[in-house]
Amino acid sequence: MLLSLLLLFAVTANASYYLNQTVPLNPTVAKVDISVVYNGYYFLSDRTNFDVVVLRFQPWPPRVMPSIHVGANPNGIAVSTTTNEIYVGLDNSTLAVVDARTLKVVAMIGTGGTNRCDEMSFDPINQVVLVANPDDDVPFVSFISVTSRKVLYKVVLHDCPDGVEASAWNPSDGLMYVSAPSTTAHPGGEVKIFSAKTGQQLWNFGEDKCNSKGLDFNTRGDRLFMTCGNKDPNNCHSLVYTPQGTKVYDIPGLCGGDESDYDPATDTWFTTGSVPKQGVAIVNGTTGKLMQILPADAHISHSLAVDSKTGALFVPLNAGIGVFLPS
């Protein structure tokens, strides 16, 4: 408890991160997907064992809890804060709903597709989870009520040959923003904006040669960070846009990534990348400056999650879960 309190007061906007420890996993994990932090726990999609890895870090130190068996390959993860549940997208076009208190699966929800449910986001105002089915013959997104656990709307996306990736809820306008790595109109990537209340797409804007994979808003909702999926070393960057589609920052240095996360305590974005080498980039949310690149492991280190209370950053590594702390 004392260390947790010390960490809370030690975090600053320009802190340098270091690897504090690596928590080994048994059984070992070789393939992972998305991860989240919620209420002192770290949850990671374990695609080796069809589980969700659970790491409890409050009170400190971090320790492995029994994994949550979900019965199929897990992919995206989102937290429904209003119902205290974890939503996990599975390969069989279903979502496992996990009670965050008991860490047990309490429901399964189908989206009517044939392939995986992948990345998700949560709208706390309308109490809706948006989930993507990127690998069906025609990709689509579903809007699911977390109170009734029913699909409210399904939107088919005929203009997305490469599927859809991450989504993010904007606290400033209450809308949901969805990453499309490539569309008919915008081959370099597009952000589609939806209303969770009606399920309608309202507008979109193109990206600057990003082919985005990860999306995250800051707390104010006036800046949208994009993890660029392109792996061109001559055009390797991440981007920050306004919700209206105006580019604010072009951040060179790391690309070919997947998940990103935002720490409101320090106004900092964290993002994975594989070009020019595997790593985790730390970006100042105010200036758009690349502050640090942390070393990581190829293939497995494409997701991450940060806890704003302690500043702890969790990254899957070959040896287990890497726990990075601010110095």
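For this structure, a couple of remarks:
- Residue in region 240-265 that is surrounded by the fewest Cβ atoms within 10 Å (Cβ to Cβ), counting only those that are over 18 Å from the mean Cα position of the chain (by Cα) and hydroxyl-bearing (Ser, Thr, Tyr): THR246
- Residues within region 99-151 that are among the charged types (D, E, K, R), farther than 21 Å from GLU259 by Cα and in a strand (DSSP E or B), tallied: 2
- Output for region 166-222, where each listed residue is assigned to a strand (DSSP E or B) and charged (D, E, K, R): GLU190, LYS192, LYS213, ASP216
- Selection count where residues are in contact (Cβ under 8 Å) with a residue 24 or more places away in the chain and closer than 25 Å to LEU304 by Cα, scope region 101-138: 22
- Identity of the residue in region 261-282, of a type in the set (A, V, I, L, M, F, W, C) and in contact with a Ser or Thr (Cβ under 7 Å, 6 or more places away or on another chain), that ends up farthest from PHE217 (Cα to Cα): VAL280
- Subset tally (residues that are within 13 Å of ASP258 (Cβ to Cβ), touching a strand residue (DSSP E or B) at 6+ places or on another chain (Cβ under 8 Å) and either modelled with pLDDT under 95 or part of a loop (DSSP other than H, G, I, E, B) (or both)) for region 282-327: 6
- Criterion (under 20 Å from ASN20 (Cα atoms), at pLDDT 95 or above and not basic (Lys, Arg)) met by exactly one of ASP250, ASP267, ASP263: ASP263
- Selection within region 142-186: residues that are hydroxyl-bearing (Ser, Thr, Tyr) and without any contact (Cβ under 8 Å) to a residue 24 or more places away in the chain. The member of this set that is surrounded by the fewest Cβ atoms within 10 Å (Cβ to Cβ) is SER148.
- In region 270-281, residue surrounded by the fewest Cβ atoms within 10 Å (Cβ to Cβ) [restricted to those that are among the polar types (S, T, N, Q) and outside any strand (DSSP E or B)]: SER274
- Filtered by the rule that a residue be closer than 20 Å to PRO59 by Cα and β-branched (Val, Ile, Thr), region 280-327 gives VAL306, THR310, VAL315, ILE321, VAL323.
The values are calculated or read from the model by the stated rules, or taken from the named source; none is laboratory data. Small disclaimer: the values here were computed from a predicted structure and weren't measured. Neighbour counts run over all protein chains shown; Cβ positions are idealised from the backbone, glycine included.
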